[in-house]
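Reading through the structure tokens given below for one structure.
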Amino acid sequence: MTVLAHLSDLHLDGGATRAARAARAVRYLCALPGHLDAVLITGDLTENGAAAEYAQVSEVLKPLHERFPVLVCPGNHDVSAVFAELLAPPRAAAVHGGAHILLADSSLPGVAHGRLSPATLEWLDARLASAPQTPAFVGFHHPPAALGIPFIDAIGLRDPSGLAAVLSRHRQVVAVLVGHAHAAVSTTFAGLPLLVAPGVVSTAVLPWENTETWSYQDANVSLMFHTYTDGVLATHVRSVPV
Ligand SMILES: [Fe+2]
């Protein structure tokens with residue numbers, strides 16, 4: 001069985017409040033008695049993409065790196081160049097627990113919406129072609145489908161047809177994993193499960209829940225576990241008090 005933990009949207013800003021929320025998720029995972037094949041973080045590790053914020057990310061995630069393989073990609077609040085210089089390459093590809101994990105950079109400088117560039121789609125296509133028998137998880141930051149959260153749907157992944165075309169060529173893709181919405185959502189894209197990890201920093205509210213704010217800052221810290229056994233994917237949402 002492949003077991004992946006999936007976190008998103010830490011938004012570390014140098015302050016203590018958000019660092020404590022991210023540290024809570026790290027502490028939860030590091031205290032698990034059982035095995036995880038990898039931990040994925042699908043973007044917005046920082047609030048502003050500043051060097052000091054990446055230093056805070058490295059410090060908060062250190063215990064996680066000591067125990068598990070950790071794969072990350074940037075979000076719209078990150079700055080890809082700074083992310084690449086101080087944290088990790090903006091693309092990640094590795095096999096863990098028998099699963100091919102591919103994380104890509106969907107961020108664009110200076111705007112909140114996302115796009116997968118032709119070069120990124122070529123990279124994804126080539127990587128998937130290199131291991132056609134290995135179950136694959138494809139991840140990035142921006143959801144390629146509308147989720148029913150107007151604020152997020154306006155700044156999702158633009159031009160998702162290129163991604164759909166790539167995915168349609170590789171039957172081993174199990175699911176698409178994203179963040180950005182600060183909400184645990186399951187839907188579909190290009191005939192595949194599209195799984196949106198909750199935000200560690202906050203939880204988005206739906207228009208019919210609250211008209212005063214777009215997110216709750218004090219909700220539990222949530223994350224997902226994706227399991228894959230004998231061709232079957234199951235996703236669990238775990239929520240822990242801060
Ligand atoms: Fe975010």
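No value in this document is a laboratory result; all are computed from the given coordinates. Everything quoted here is computed from the prediction, not taken from an experiment. Ideal geometry is used to build each Cβ from the backbone, glycine not excepted, and the neighbour counts take in all protein chains shown.
Within segment 91-114, can you find the residues that are assigned to a loop (DSSP other than H, G, I, E, B) and in contact with a Gly (Cβ under 9 Å, 6 or more places away or on another chain)?
104, 105, 106, 107, 108, 113
So, of the residues in segment 62-83 that are among the hydrophobic types (A, V, I, L, M, F, W, C) and under 18 Å from residue 124 (Cβ atoms), which turns out to be surrounded by the most Cβ atoms within 10 Å (Cβ to Cβ)?
73
So, of the residues in segment 1-28 that are assigned to a helix (DSSP H, G or I) and hydrophobic (A, V, I, L, M, F, W, C), which turns out to be surrounded by the fewest Cβ atoms within 10 Å (Cβ to Cβ)?
16
From the list 22, 16, 99, which residue is in contact with a strand residue (DSSP E or B) (Cβ under 7 Å, 6 or more places away or on another chain) and more than 16 Å from the ligand (Cβ to nearest atom)?
That would be 99, the only listed residue that is in contact with a strand residue (DSSP E or B) (Cβ under 7 Å, 6 or more places away or on another chain) and more than 16 Å from the ligand (Cβ to nearest atom).
Restricting attention to segment 29-38, which residues are over 24 Å from residue 90 (Cβ atoms) and either within 14 Å of the ligand (Cβ to nearest atom) or in a helix (DSSP H, G or I) (or both)?
30, the sole residue that qualifies.
Scan segment 84-101 for residues that are in contact (Cβ under 8 Å) with a residue 24 or more places away in the chain and either of a type outside the set (Gly, Ala, Ser) or buried (at least 18 other Cβ atoms within 10 Å of the Cβ) (or both) and jot them down.
Filtering segment 84-101 for residues in contact (Cβ under 8 Å) with a residue 24 or more places away in the chain gives 86-87, 91, 93-101.
Correct list: 86, 87, 91, 93, 95, 96, 99, 100, 101.
Out of the residues in segment 39-55 that are closer than 21 Å to residue 183 by Cα and away from the ligand (no atom under 11 Å from the Cβ), which is surrounded by the most Cβ atoms within 10 Å (Cβ to Cβ)?
That would be 41.
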